[in-house]
Structure formats: structure tokens, C-alpha cells
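Colleague: Questions regarding the structure given below will be posed in turn.
Bear in mind that the values in this text are calculations on the coordinates, not laboratory data. Treat the numbers as computed from the prediction; the structure is a model and nothing was measured. When we count neighbours, we look across all protein chains shown, and the Cβ atoms used for this are built from the backbone with ideal geometry, even at glycine.
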Amino acid sequence: MANDDLNDPEAARRDGVAVAGVFLSVLALLGMVFAVGLGVRAVDRADAVRATTAAAGPPVAVTLTEFAIAPAMISAPAGATLAVTNNGAAVHTMAVEKTDLVTDEIAAGATATLDVSSLAPGTYTVRCTIPGHDAAGMTAMLHLGEAATAATAAPAAMSAEKMDEAMAARTAAFPAATKGVGAQDLAPKVLPDGTKEFDLTASAFDWEVEPGKVVKAWGYNQQVPGPTIRVGVGDKVRIVLKNELPESTVLHPHGLVVPNAMDGVPDITQKPIKPGETFTYEFTTREPQVAMYHSHHDAAKQVTNGLLGAFYVGQMARPAGVPAPTQDLPMVLNDADTIGYSLNGKSFPATAPITAKVGEWIQVDYMNEGLQIHPMHLHGMPQLVIAKDGYPQAPHLEDTVLVAPGERVSVLVHATEPGTWAWHCHILTHAEREDGMFGMVTALVVT
Ligand SMILES: [Cu+2]
């Protein structure tokens, strides 16, 4: 096949050079225009920055998480600006009470600048304006001092001494007493035909996540997690759910094989259970399971607010040669909304330690009811992973066990090493803050 360019490569090369030349000239011209623009803007910005720093030093760092503003006492010189960083998972804002100073909504990971230079020296309250977030803990004090000079600009961070004191105080409080215990075993009402009936009421109630931090939970029978249900294989089960929430709800038996009409998905298998209504779920269990039950309606809010619980059927097979564990405990993971980063509904130091005698084997079933993955790390001893979602797996050792939302992972721990061993999520922002450990942290105490 003939082709002019192929027949005359020199002509093709000349054409190419000409086109490239024109293109480059246009590009150069554009570049000059752009460079002039940038130069003007750069000068503007440099002046602005000089003006700000001369008045008030560098911006003062403030961090937002679920549900706290850190530091709790923000100290800044008059004329300062605040660099407000959202280290949480949800959208937050920060407003200065009794003023019209407020940031735009700050996405997770983003930083907004709040100029408080118009405020007189004094003490102010700041809070997140997203409904419910201030009540959940997102308030702090803002103390504005006299205008700073370069020498007296307030340091943004806590001193090393203060930090150590704050951390020691939080850890010394472990295990801290709080009102309310979740995941308590619920004894069934046994009906004449042998059916095991569990009565659950979904409602909103106050829940103390950690000492002094009382949030509005939505849960079953005033517990977070809801009561633990334990039945046998082949049992006829009846769950009578009364809805006392301000929203409709449903209950989904997550991980159980049930008749379709009992699957608890609104508008697919049933109508939503409206406020004030009651719905009865009935099914017969088929096989051993490590399962959960939770809301499947407005679930991103309802589940993370506490409408979740553990559901055990029979006894899952364990690896041969391993003694029967003396304890089998659910560890329900949550990370969002009013409950926030927590293990079994509590945030460190209010989480319950797990205790064992040297030589004891214990089983822990991680159940992730949150919105994020959590790599659960036990110090001192490995975890023998024996099942995923209640289905036995070839047993293998891990020291960090990844649990994704919706998953259950069952592990055995042989308590061979005496001492108090930290047990925590290894996404460090789920476990540690500037003022110490919080959230998804507990301990294995081996004596
Ligand atoms: Cu985590």
C-alpha cells in the first residue's frame, strides 16, 4: 500500500516541525500571560501573609474528630487565625458562639481557616454546628489573649509535660466506670411449643460512652450493643420488635439464613416498622452461626447510633487439638455517629478489659458494625484466627486481624504471658489522641 508520507519521509518530517513550531509559539505566549498573572497574585499573597503574621503569629492549630475539638482549651493571641483540621470521618464545622464567625463545612481530612482577629481578648465557646455534634462532645473553649509579638506567640501544641500528664490520667482511669453495660445475654421467653421469644424495644436513650461523655444512643432495650441473643441449632426463634424511635426501623438478622420475608429489608421484604408499631420476626435456625442483628433502615445512622447486637446460634466447630475456650465474647466494633470509635459501645478508658488466668484459652468474636475497616491488634500474644463470618477457616496465627464492616472474625487467644496487654485498633487515629488513648482500646489482663 502506497502512502505519501511513507514515500517521502523528509516531507513528513518538515510538516511535523512546522506544526510543532506554531504550537510551541502559542504555548510560550500563553505561558508569559500566565506567569505575569501568577507573579501579581504571588505578590498579593505575600503581602497578606506578612500582614497576618506581623499581627498574630502563625495560625493556631485546632483538630476536629468524632466528637471532640482539640485542644479543649484553645489558646491564641488576639488577632489570630485558627487552622481548623477535620481529622474525623464526618463533615464538621467550627463556630464561635455568640458571634457570626463560623467555618464552611469541613470535609474529612480538610483544613479551613477561621479568622478570629475581629474578636476582643477574652474567653469564648466554640462548637460544631452540625446537629447533635456539640451535644456529643464537640465543644471547646477559645481563650484570646493580648495581641502577640513575635516573642510571645502562643505555641499551638500542648507541652510535653502537659501531654504526659493528660495521657497518664486517661490510662489511670482504665477501666473507668460508666452507666450502662451493653451486649448482656437476653434470656428468652419459652413459649408452650418451645419457641424462644426475645422481646426487643428500639428507642433513643442517654448512653455514657466514656466518663462524662453522654450521647443520645438509638438502641435495643437501652443497651449498646443490644442484648446478646444465644440460641441453639434448630431452635424456633421469635423476635418481637417494638419501635419507640422517632423514625421507622426494621431488624435484619445479618449472617443468618432465614425465610425471605424475615430478612428485614424495608420495601424489599417488609414494610418499614413505623414509630409505635411492633413487628414479629420468626424463623428456625439451621446451622451454627456467629451472626449479628441490626437495623437496615436509615442504617448509616441507626446502626452506628447503636441499633446493633450479637446473635449466636449453637457452637461453631473449633480446630481439633485446641481446648474449649473458657470465655466466648463478642467484641463489637463501631466508629461513627453518636457512639463513635468504641468497643462494645464504650470508648477507652470505659472499655471493659478481658481477664484470663495463665494457661486459659479465650475466644473473641470481632463484629464490625461501623463504617470503616479496623485492624485489631493484641500485644504480647498472637491471635489464632479460626473463623470468618462464623464459617470455620484453616486456623492460622495473626497479631493484627483485619475486620471489615459487616464481617465477623473469630479468634482464640492462649493466655500464656502474664501482664496487662494493650488490645486496640491499629488505625492510630481510632485509638490515640494528643491527650491519650481513647476509642477502640482495651486490654487483656493475664494473671
Ligand atoms: Cu479502627
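Colleague: Arrange Lys346, Lys236 by Cβ neighbour counts within 10 Å, fewest through most, would you?
Modeller: Lys236, Lys346
Colleague: Could you work out the pair-distance distribution P(r) of region 321-372 from its alpha-carbon pairs, with 10 angstrom bin width and percents rounded to whole numbers?
Modeller: That works out to 24, 43, 24, 10, 0, in percent per bin.
Colleague: Under 5 Å between amide H atoms, partner at least 5 residues away or on a different chain: which partners does Ala291 have, H built in plane at 1.01 Å?
Modeller: Answer set, sorted by chain and number: Phe311, Tyr312, Val313.
Colleague: Based only on other Cβ atoms within 10 Å, what is the fewest-to-most ordering of Phe348, Phe198, Phe174?
Modeller: Final ranking by Cβ density, sparse to dense: Phe174, Phe198, Phe348.
Colleague: Okay, next question. Could you list, in their original order, any pairs among Lys189/Lys346; Lys179/Lys346; Lys216/Lys274; Lys98/Lys213 whose Cα atoms are separated by more than 22 Å?
Modeller: Check vs 22 Å cut-off fails for Lys189/Lys346; Lys98/Lys213.
Colleague: Run down the aspartates and glutamates and flag those whose C-alpha is under 15 Å from the C-alpha of Lys301, throwing out any fewer than 8 positions away in its chain.
Modeller: Glu66, Glu247, Asp335, Asp337, Glu369
Colleague: Taking the number of other C-beta atoms within 10 Å as the exposure measure, put His379, His296, His92 in order starting with the fewest.
Modeller: His379, His296, His92
Colleague: What are the ³J(HN,Hα) couplings of region 435-446, residue after residue, when phi is run through the Karplus curve with 6.51, -1.76, 1.60 and θ = phi - 60°? Round to Hz, x for glycine and proline.
Modeller: Going residue by residue, I get 9, x, 6, 8, x, 8, 9, 9, 8, 9, 9, 10 Hz, with x marking Gly and Pro.
Colleague: Something else: Karplus couplings for region 170-177 from phi (6.51 cos²θ - 1.76 cosθ + 1.60, θ = phi - 60°), rounded to Hz, Gly and Pro as x?
Modeller: Computed from phi, the couplings for region 170-177 are 5, 5, 4, 6, 6, x, 7, 6 Hz.
Colleague: Please list, or write none, the lysines whose alpha carbon is within less than 23 Å of the alpha carbon of Lys388, excluding same-chain residues fewer than 8 places away.
Modeller: Cross-link targets: none qualify.
Colleague: Hey, another quick one. How big is region 238-336 by Rg and Dmax over its Cα atoms, in Å?
Modeller: 15.4, 51
Colleague: Straight-line reach only, C-alpha to C-alpha below 23 angstrom: list the lysines that Lys196 could link to, leaving out same-chain residues fewer than 8 apart.
Modeller: Lys236, Lys242
Colleague: Still on this structure: What distance in nm lies between label points placed 7 Å from Cα along the C-beta direction at Thr269 and Ala173?
Modeller: 4.1 nm
Colleague: A further question follows. Beyond 19 Å, what share of the Cα-Cα pairs of region 375-447 is found? Please give it as a whole percent.
Modeller: Above the 19 Å cut-off, region 375-447 has 40 percent of its Cα pairs.
Colleague: To continue, here is another question. Collect residues whose amide H, placed 1.01 Å from N in the peptide plane, falls under 5 Å from the amide H of Gln393; neighbours closer than 5 in sequence don't count.
Modeller: Residues meeting the amide H criterion: Ala387, Lys388.
Colleague: Using alpha carbons only, how many angstrom separate the centre of region 230-260 from the centre of region 169-186?
Modeller: Each part's Cα centre sits 27 Å from the other's.
Colleague: Apply the Karplus curve 6.51 cos²θ - 1.76 cosθ + 1.60, θ = phi - 60°, to the phi angles in region 163-169 and return the couplings in whole Hz, x for Gly and Pro.
Modeller: Coupling constants for region 163-169: 4, 4, 4, 4, 5, 4, 5 Hz.
Colleague: What is region 183-228's relative contact order, in percent, from Cα pairs under 8 angstrom and six or more apart in sequence?
Modeller: Normalised by residue count, the contact order of region 183-228 is 39 percent.
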